[in-house]
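Visitor: Handing you a structure now.
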Amino acid sequence: MPSRNRVLASLTSALSGLLVVGLLATAPAPASAAAPGAAADEKPRPGKTYVKREPSAVFKRSSYLCMGYAACREAGYGNAGYAQASDKMYWRMYSGHNCTNYAAYRMVRSGMPNERPWSGGGNATYWGTSMASITDDTPRIGAVAWWKANHGPAGSAGHVAYVEEVVSPDEIIISQDSWGGDFSWAVVTRSSGNWPTGFVHFNDKPLTNTEAPVITGIAKVGAALTATPGSWRPSSVNISYQWFADGTPLRKADGATLQLNRARLGQRLTVRTTATQLGYPTRSAVSAPTEAVLPGQLRNTTAPTISGTVKVDSTLQVDTGTWVPEPTLDVQWYADGQAIAGATGTSLALGPDLVSRVITAEVIGRRPGYDPVRAASAPTAPVAPGTFAIVTAPHLLGTPELNEVLTVDPGVFTPADADVTVEWLRNGIPVATGADYRITNVDLGSKLSARLTLTRPGYTETSVTTPTTPRIKTDPKISVETVAKRHRLRVVVTVTASGLDEVTGPVVIRYGGTVQTVELTKGRARVTLVGLTEGVRTLTVRYDGTDAVNRGVYTRQVRIG
């Protein structure tokens, strides 16, 4: 349907194409027009004399938007198919270029039966008087604009047209056909002197509600309800609202949103939306009622709090806070903002998977008729890893001697299910792993210990070392050869030790009051003691040992001759 802007934009171009039209009062009737002087509903009869009739209405040239089926079509103004159907009579009006036949055609096309809705003459001047009960001064789209005889542009038979658009209460756009003229569209203003005598509302185009308004929101005290306008044709309508409580209109409740106060408790609410648009009758639609309004908002007055040690294998507790009124409560625990699966109770065991993660608890309050309310605790510090407690220190079992086997008693620690690895240390340097250790010659001269490492998911790895053994030593074997001569004694000392290729170190040889110290060379030492007196005395050979060999002493009686 053309708009006001379209009317004004096209007016100049349309008029420029109508220079050949001139005033309809001077235009001859087309060949297919009714016989001159025939009434609008009368077929011409042979032998009857007719007086030539002027066109049914003559507007100022500037009023016309287009003239003729083809020109109007090219300008964007249709005829609703009348160009193809004009050879038929509607409401017993004469066919062809005839204002009454065109108006009747548009009424039939709008859904009315092809039967004239009144008895009596069909000339245009009779339409408004015959249908006075539905005729007024209000223009509507789809109404019939009616001019009685000799009113405004109408001739003695009056004039009717179809209202295509209502631009304002004082301006309309019509489409029309004309006895003795042609099909056209025109602009009519109240100030032009061409304003219709009235408008016959046979079957005006309605405002149509295609979808009722809908109320959204929870009907409870303290909440707000919102209404949709519903769906309308045309969609450009203006919408006003009126809310009702149990069928009674509420004062000042004329917006799309309604705040529910205590006065609404228990009531059922509806909203009526009213659509208006210039050129259409006003229409209203009513929503379905809400449920009875429920009590007010559920509130958390004291936030939830978390207590407990934030460390692996500890348990946290949540105090769910204070709520008004009392609801049922659900808890959901979160780690770094992500919900922990299955963690929905008031306590949370901190497993190893939660190390370094920040814990929060959300409490959800629910009560029938209330929106769920969520309240979250403050976050904890990141979960600390667990630490092992050593109850009894580990120690070594076995004799720390060559070829002996040492084992580890791990002691007692908690948690007791930790994984334990054993590393053997020689003078603090790792040399082997395993639960036991056999002492070999490479350990001679060294101290041994074992380091136990405790591991468990989510725990800080902990190591603890056993006390060290004394130095591992082997026993020496001392053999002595002597050659005694007059006043002298030749002594050859050989020292060997299991696990060593050779023994080093000093040996002290004492015979009587004579003492001499000699270093072993490849395990042997030689010395000759001189200036000895005759007799039998004790020969003592003392080996003081090393880090790898124990101390040893050898004695026997030797005679000097």
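The values are calculated or read from the model by the stated rules, or taken from the named source; none is laboratory data. These figures come from a predicted structure and were not determined experimentally. Cβ sites come from the backbone with ideal geometry, for glycine too, and all protein chains shown count toward neighbours.
Visitor: Got a sec? Which of P372, P430 is closer than 30 Å to W323 by Cα, in contact with a strand residue (DSSP E or B) (Cβ under 8 Å, 6 or more places away or on another chain), loosely packed, with under 12 Cβ neighbours inside 10 Å and not assigned by TED's automatic domain parsing to the domain that holds D547?
Guide: Working: P430 fails: closer than 30 Å to W323 by Cα.
Residue meeting the stated conditions: P372.
Visitor: Count, please, the residues in segment 234-275 that happen to be among the hydroxyl-bearing types (S, T, Y), within 29 Å of D137 (Cβ to Cβ) and modelled with pLDDT of 95 or more. Reasoning before the result, please.
Guide: From segment 234-275, those among the hydroxyl-bearing types (S, T, Y) are 235-236, 240-241, 248, 257, 270, 273-274; that's our starting set.
Then keep just the ones that are within 29 Å of D137 (Cβ to Cβ); that gives 235-236, 240, 273-274.
Filter once more, so that each one left must be modelled with pLDDT of 95 or more: 240, 273-274.
The number of residues fulfilling the criteria is 3.
Visitor: Test of understanding: among T546, T482, which residue is within 30 Å of G428 (Cβ to Cβ) and polar (S, T, N, Q)? Break it down stepwise before answering.
Guide: Working: T482 fails: within 30 Å of G428 (Cβ to Cβ).
It is T546.
Visitor: Could you tell me which of the residues T546, T533 is part of a loop (DSSP other than H, G, I, E, B), more than 26 Å from G445 (Cβ to Cβ) and in contact (Cβ under 8 Å) with a residue 12 or more places away in the chain?
Guide: Working: T546 fails: more than 26 Å from G445 (Cβ to Cβ).
None of the others qualify; the one that does is T533.
Visitor: From D419, D409, grab the single residue that is within 15 Å of V464 (Cα to Cα), modelled with pLDDT of 95 or more and in contact with a His (Cβ under 6 Å, 6 or more places away or on another chain).
Guide: On the way: D419 fails: in contact with a His (Cβ under 6 Å, 6 or more places away or on another chain).
Only one candidate passes the filter, namely D409.
Visitor: Can you tell me which residues in segment 391-410 are surrounded by 15 or more Cβ atoms within 10 Å (Cβ to Cβ), hydrophobic (A, V, I, L, M, F, W, C) and within 21 Å of T453 (Cα to Cα)?
Guide: Restricting attention to segment 391-410, the residues satisfying the condition of being surrounded by 15 or more Cβ atoms within 10 Å (Cβ to Cβ) are 393-394, 396, 398, 400-402, 406, 408, 410.
Next, from what is left, pick out any that are hydrophobic (A, V, I, L, M, F, W, C): 393, 396, 402, 406, 408.
A393, L396, L406, V408, listed by residue number.
Visitor: Still on this model: Those residues that are assigned to a loop (DSSP other than H, G, I, E, B) and surrounded by 14 or more Cβ atoms within 10 Å (Cβ to Cβ), I need them from segment 89-113; list them, please.
Guide: Step one: filter segment 89-113 for residues assigned to a loop (DSSP other than H, G, I, E, B), giving 89-98, 110-113.
Answer for segment 89-113, where residues must be assigned to a loop (DSSP other than H, G, I, E, B) and surrounded by 14 or more Cβ atoms within 10 Å (Cβ to Cβ): M89, Y90, W91, R92, M93, Y94, S95, G96, H97, N98, S110, M112.
Visitor: Give the residue that is nearest to the chain's Cα centre (by Cα), with candidates limited to residues of segment 408-425 that are within 18 Å of D436 (Cβ to Cβ) and aliphatic (A, V, I, L, M).
Guide: Top of the filtered list is V420.
Visitor: Can you tell me which residue in segment 203-219 is nearest to L265 (Cα to Cα), limited to those that are of a type in the set (A, V, I, L, M) and assigned to a loop (DSSP other than H, G, I, E, B)? Break it down into steps so the answer makes sense when it comes.
Guide: Going through segment 203-219, the residues of a type in the set (A, V, I, L, M) turn out to be 207, 212, 214-215, 218-219.
Right, trim to assigned to a loop (DSSP other than H, G, I, E, B) and you get 207, 212, 214, 218-219.
Numbers: L207: 35, A212: 25, V214: 20, I218: 12, A219: 9 Å.
Looking at residues that are of a type in the set (A, V, I, L, M) and assigned to a loop (DSSP other than H, G, I, E, B), I get A219.
Visitor: Pick out the one residue from L258, L225 that is closer than 25 Å to R374 by Cα, without any contact (Cβ under 8 Å) to a residue 40 or more places away in the chain, under 33 Å from the mean Cα position of the chain (by Cα) and buried (at least 16 other Cβ atoms within 10 Å of the Cβ). Explain how you work it out, then say what you get.
Guide: Numbers: L225 fails: without any contact (Cβ under 8 Å) to a residue 40 or more places away in the chain.
Selected residue: L258, the only one of L258, L225 that is closer than 25 Å to R374 by Cα, without any contact (Cβ under 8 Å) to a residue 40 or more places away in the chain, under 33 Å from the mean Cα position of the chain (by Cα) and buried (at least 16 other Cβ atoms within 10 Å of the Cβ).
Visitor: Name the strands (runs of 3 or more DSSP E) wholly within segment 429-477 that hold at least 1 residues that are within 30 Å of S314 (Cα to Cα)?
Guide: Details: elements: 429-433, 436-438, 448-455, 462-465.
Correct list: 448-455, 462-465.
Visitor: Another one. What's the number of the only condition in (1) touching a residue at least 40 places away in the same chain (Cβ under 8 Å); (2) over 30 Å from H159 (Cα atoms) that W185 fails to meet?
Guide: (2)
Visitor: Hey, can you tell me all the residues within segment 319-354 that are more than 27 Å from the chain's Cα centre (by Cα) and acidic (D, E)?
Guide: Result: D319, E326.
Visitor: Consider segment 449-507. How many of its residues are basic (K, R) and over 26 Å from V405 (Cβ atoms)? So that I can check it myself, show each step before the final result.
Guide: First pass over segment 449-507, keeping only residues basic (K, R): 451, 456, 471, 473, 477, 485-486, 488, 490.
So of that shortlist, the ones also over 26 Å from V405 (Cβ atoms) come out as 456, 485-486, 488, 490.
So the count comes out to 5.
Visitor: Being in contact with a helix residue (DSSP H, G or I) (Cβ under 9 Å, 6 or more places away or on another chain), in a loop (DSSP other than H, G, I, E, B), assigned by TED's automatic domain parsing to the domain that holds I141 and not charged (D, E, K, R) is the requirement here; does W179 meet it? First the steps, then the outcome.
Guide: Details: in contact with a helix residue (DSSP H, G or I) (Cβ under 9 Å, 6 or more places away or on another chain): yes; in a loop (DSSP other than H, G, I, E, B): yes; assigned by TED's automatic domain parsing to the domain that holds I141: yes; not charged (D, E, K, R): yes.
Answer is yes for this residue.
Visitor: Looking at segment 77-103 only, could you name the residues that are of a type in the set (D, E, K, R) and either within 21 Å of I173 (Cβ to Cβ) or free of Cβ contacts under 8 Å to residues at least 40 places away in the same chain (or both)? If you could, list the steps in order and put the result at the bottom.
Guide: We begin by selecting, within segment 77-103, every residue of a type in the set (D, E, K, R); these are 87-88, 92.
D87, K88 - these are the residues of segment 77-103 that are of a type in the set (D, E, K, R) and either within 21 Å of I173 (Cβ to Cβ) or free of Cβ contacts under 8 Å to residues at least 40 places away in the same chain (or both).
Visitor: Quick check, is A361 aliphatic (A, V, I, L, M) and assigned to a loop (DSSP other than H, G, I, E, B)?
Guide: Numbers: aliphatic (A, V, I, L, M): yes; assigned to a loop (DSSP other than H, G, I, E, B): no.
For A361, the condition - aliphatic (A, V, I, L, M) and assigned to a loop (DSSP other than H, G, I, E, B) - is not met.
Visitor: Search segment 289-338 for residues being hydroxyl-bearing (S, T, Y) and not in a strand (DSSP E or B), and hand back the single one that is nearest to T360 (Cα to Cα). Give the steps one after another, and end with the answer.
Guide: So the first thing to find is which residues in segment 289-338 are hydroxyl-bearing (S, T, Y), and the list is 290, 301-302, 305, 307, 309, 314-315, 320, 322, 328, 334.
Retained after the next criterion (residues that are not in a strand (DSSP E or B)): 290, 309, 314, 320.
Numbers: T290: 38, T309: 14, S314: 15, T320: 12 Å.
My answer is T320.
Visitor: Is it the case that some residue within segment 144-153 is in contact with a Ser or Thr (Cβ under 9 Å, 6 or more places away or on another chain), assigned to a loop (DSSP other than H, G, I, E, B), crowded, with 23+ Cβ neighbours inside 10 Å and modelled with pLDDT of 95 or more?
Guide: No, that holds for no residue.
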